[in-house]
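First up is the structure itself, then whatever we jot down about it.
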Amino acid sequence: MCVCLSAVSFITGSYDRTCKVWGGESGEELLTLEGHKNVVYTVAFNNPYGDKIATGSFDKTCKLWSAESGTCYHTYRGHTGEIICLTFDPLSTMIASGGIDATARLWSVEHGTELATLAGHSSEVICVHFNNSGSQVASGSFDHTAIIWDTHTGRSVHSLLGHRGEISSVAFDYGGNTVATGSMDKTCKIWDIRSGQLITTLRGHKDEVLDVAFDSTGQQLVTASADGTACVFNTTTLNCVHRLQGHQGEISKVSFNAQGSRILTASGDKTAKLWDSATGLCLQTLGGHGEEVLGSLFNYQGDQIITASKDNTCRLWR
């Protein structure tokens, strides 16, 4: 199960081949988006607008939907393998998708056409992320590399080489000056966008780094690991200022609230935890799921949290 939030609702993709839209206040089902012929593995809102939904499926297609009526606007075809990640650009003009076929692709939201095939990886593309202006998109792959692409030309700008394991996650900072990559080699690397050069390698985890996230100021970076901990780094000093300990299983997802004051971690121990980013203290443990928590997110206002679990349920927390 995968999950994404807008300001007023949230969506889930499932092995039942559907995407469901749920009310953010009521938690009630609003729409069921049907049409995919296999697992809906990845979903996204076009935040901050929240009026469109993109879904990516193991049927090798992406679809674009109205978040209000459930109408399917476009079906994007071109990938030759399962689609495992997608995201909107910040202006909601493009969708980037990545798949088992070792490519990322750019799609037009307005016209429903393919804008570019981003070919350069030799293994599946596991993650994609736009910079804040939408002028660049980063792709991370199981081939141990990440690539920065120019979205206007579809050409590679930099290949980021140096990891000794599969890339698990990639994230631009808010200013678009650096990009962070998390890897199965137990490290996170920070790269300079202009030169493509490595700035530093962040170490400290005893197992795979599964997710990375910047806060909205770019002053904090958090890494989540299979060792059951998360590390909060100051991006100026590059020091780990807090190690978030307490989970009894791997941490697969991590995120900041919009203000950067709170951190949310999702774990294989069937819980999510809420942390104070300034002190590193655990503020609350969100328990109740019967299986591992696969994802957890804040809403835009930061006053709601949603958790999605392998037990096929989501929980809404206030």
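The values are calculated or read from the model by the stated rules, or taken from the named source; none is laboratory data. Keep in mind that what you see is a predicted model, and the values were worked out from it rather than measured. A quick note on method: Cβ atoms are made from the backbone with ideal geometry, for glycine too, and the neighbour counts reach across all protein chains shown.
Quick look at the values:
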{"read-out": "All positions within the stretch 31-43 that are surrounded by 16 or more Cβ atoms within 10 Å (Cβ to Cβ) and either at pLDDT below 95 or in a loop (DSSP other than H, G, I, E, B) (or both)", "value": "G35, H36, V39"}
{"read-out": "Checking A7 against (1) touching a Cys at 6+ places or on another chain (Cβ under 6 Å); (2) in a loop (DSSP other than H, G, I, E, B); (3) modelled with pLDDT under 95, the condition it does not meet", "value": "(1)"}
{"read-out": "Conditions (1) part of a loop (DSSP other than H, G, I, E, B); (2) in contact (Cβ under 8 Å) with a residue 60 or more places away in the chain: number failed by G295", "value": "(1)"}
{"read-out": "The stretch 243-253, residues that are over 17 Å from the mean Cα position of the chain (by Cα), surrounded by 22 or more Cβ atoms within 10 Å (Cβ to Cβ) and in a strand (DSSP E or B)", "value": "L244"}
{"read-out": "Residues located in the stretch 63-96, provided they are assigned to a loop (DSSP other than H, G, I, E, B) and either touching a Lys or Arg at 6+ places or on another chain (Cβ under 8 Å) or on the phi > 0 side of the Ramachandran plot (or both)", "value": "A67, G70, G78, H79, T80, G81, E82, S92"}
{"read-out": "Whichever residue in the stretch 298-316 is farther than 14 Å from T265 by Cα and either in a strand (DSSP E or B) or touching a Leu at 6+ places or on another chain (Cβ under 8 Å) (or both) and, among such residues, is modelled with the lowest pLDDT", "value": "Y300"}
{"read-out": "Residue within the stretch 116-134 that is in contact (Cβ under 8 Å) with a residue 60 or more places away in the chain, of a type outside the set (A, V, I, L, M, F, W, C), part of a loop (DSSP other than H, G, I, E, B) and within 25 Å of S183 (Cα to Cα) present", "value": "yes"}
{"read-out": "Listing of strands (runs of 3 or more DSSP E) fully contained in the stretch 142-236 that carry 2 or more residues being surrounded by 21 or more Cβ atoms within 10 Å (Cβ to Cβ)", "value": "146-150, 167-172, 178-183, 188-192, 209-214, 220-225, 230-234"}
